[in-house]
Amino acid sequence: ASGVLTNGPLTGKHALVTSGPTHEPIDPVRYIANRSSGAQGTAIATALRDLGASVTFVTGPADVAPPAGVRVVRVNTAREMKDAVEAALPADVAVFAAAVADWRVASQSASKIKKKNGALPVLEFAENPDILAAVSQMTSGRPQLVIGFAAETDQVLDHATAKRVRKGCDWIVANDVSPETGIMGGAQNAVTLISDTGAEVWPRMNKSDVATKLANLIVDELGRGV
Ligand code: CTP
Ligand code: CA
């Protein structure tokens, strides 16, 4: 049986992890989604749990089952994810591994949209709230360590470096999710960890090993105190 360790390096710490895709409804039977499997976020929650943290795992509709021994909060949309994250705070560390939909359909149809003799429907979009930026920029009660992800298909390091500064998180885990990498939905990941002191390229390894390595760095950082 898995439970929270009583004597691990993260015992007494609360870790918040977001994971998986979000689904943004179009009408009662259709939605907009993305290819996130939830594998990397699930592995991170597992690794933090194994080091003794009490973990709140806020997950969209992922392919991978959530880990045992964590508090699971299931959501569908980005806005539900934001509410769940706010409700789960305070936390000592927050890891934003979810692939949050950037846009939702501005006005969801209450009934199924029907074909109309070849006339095409037009969807209008609204931008979703940026959960990572909101938590990173909290002026009171901010987690000591806020970690984002940057999934990019080109100019990975440039985009990720700018993203860390723009959002105000402490670290960004950057990865190349071009289809030819096989990373989206695969078992492995190749990431670069970006902080204010620079970028560290990690070799391609299993997502569980990325999670363990990240969790160990989280232990070191939280151990430094505020
Ligand atoms: N994120 C979030 N809320 C959003 C969008 C993104 O919390 N509405 C988080 C993700 O969980 C990830 C980080 O922000 O940790 C970066 O997500 P990403 O999609 O790479 O960045 P965006 O700012 O959405 O930029 P773009 O998609 O245009 O590259
Ligand atoms: Ca995005």
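The values are calculated or read from the model by the stated rules, or taken from the named source; none is laboratory data. Only a predicted model underlies this, so the values are computations on that prediction, with no experimental measurement involved. Positions of Cβ are backbone-derived with ideal geometry, glycine not excepted, and every protein chain shown enters the neighbour counts.
Residue by residue, here is whether (1) assigned to a helix (DSSP H, G or I); (2) of a type outside the set (Lys, Arg); (3) at pLDDT below 95 holds:
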residue	(1), (2), (3)
THR6	no, yes, yes
TYR31	no, yes, no
ALA43	yes, yes, no
VAL58	no, yes, no
VAL95	no, yes, no
SER107	no, yes, yes
For the list (1) out of contact with any Gly (no Cβ under 8 Å at 6 or more places or on another chain); (2) within 27 Å of LEU193 (Cα to Cα); (3) hydroxyl-bearing (Ser, Thr, Tyr), I need the number of the one condition that THR59 fails. (1)
Test set (1) assigned to a helix (DSSP H, G or I); (2) more than 16 Å from ligand 2 (Cβ to nearest atom); (3) closer than 30 Å to ILE26 by Cα; (4) not β-branched (Val, Ile, Thr) - LYS163 fails condition number: (2)
I'm checking my understanding of the structure. Among residues of the range 75-104 that are surrounded by 15 or more Cβ atoms within 10 Å (Cβ to Cβ), within 11 Å of GLU24 (Cα to Cα) and within 16 Å of ligand 2 (Cβ to nearest atom), which one is nearest to the chain's Cα centre (by Cα)? VAL100
In the range 184-206, what residues are of a type outside the set (A, V, I, L, M), assigned to a loop (DSSP other than H, G, I, E, B) and exposed (fewer than 15 other Cβ atoms within 10 Å of the Cβ)? GLY185, GLY186, ASP196, THR197, PRO203, ARG204
Working only within the range 117-147, note down all residues that are among the acidic types (Asp, Glu) and either within 16 Å of ligand 2 (Cβ to nearest atom) or at positive phi (or both). GLU127, ASP130
Pairs, first over 18 Å from MET184 (Cβ atoms) and within 16 Å of ligand 1 (Cβ to nearest atom) in the range 93-118, second assigned to a loop (DSSP other than H, G, I, E, B) and of a type in the set (A, V, I, L, M, F, W, C), C-beta under 9 Å, six or more apart: VAL93/LEU10; VAL93/ALA53; ALA94/CYS169; VAL105/LEU123; ALA106/LEU123
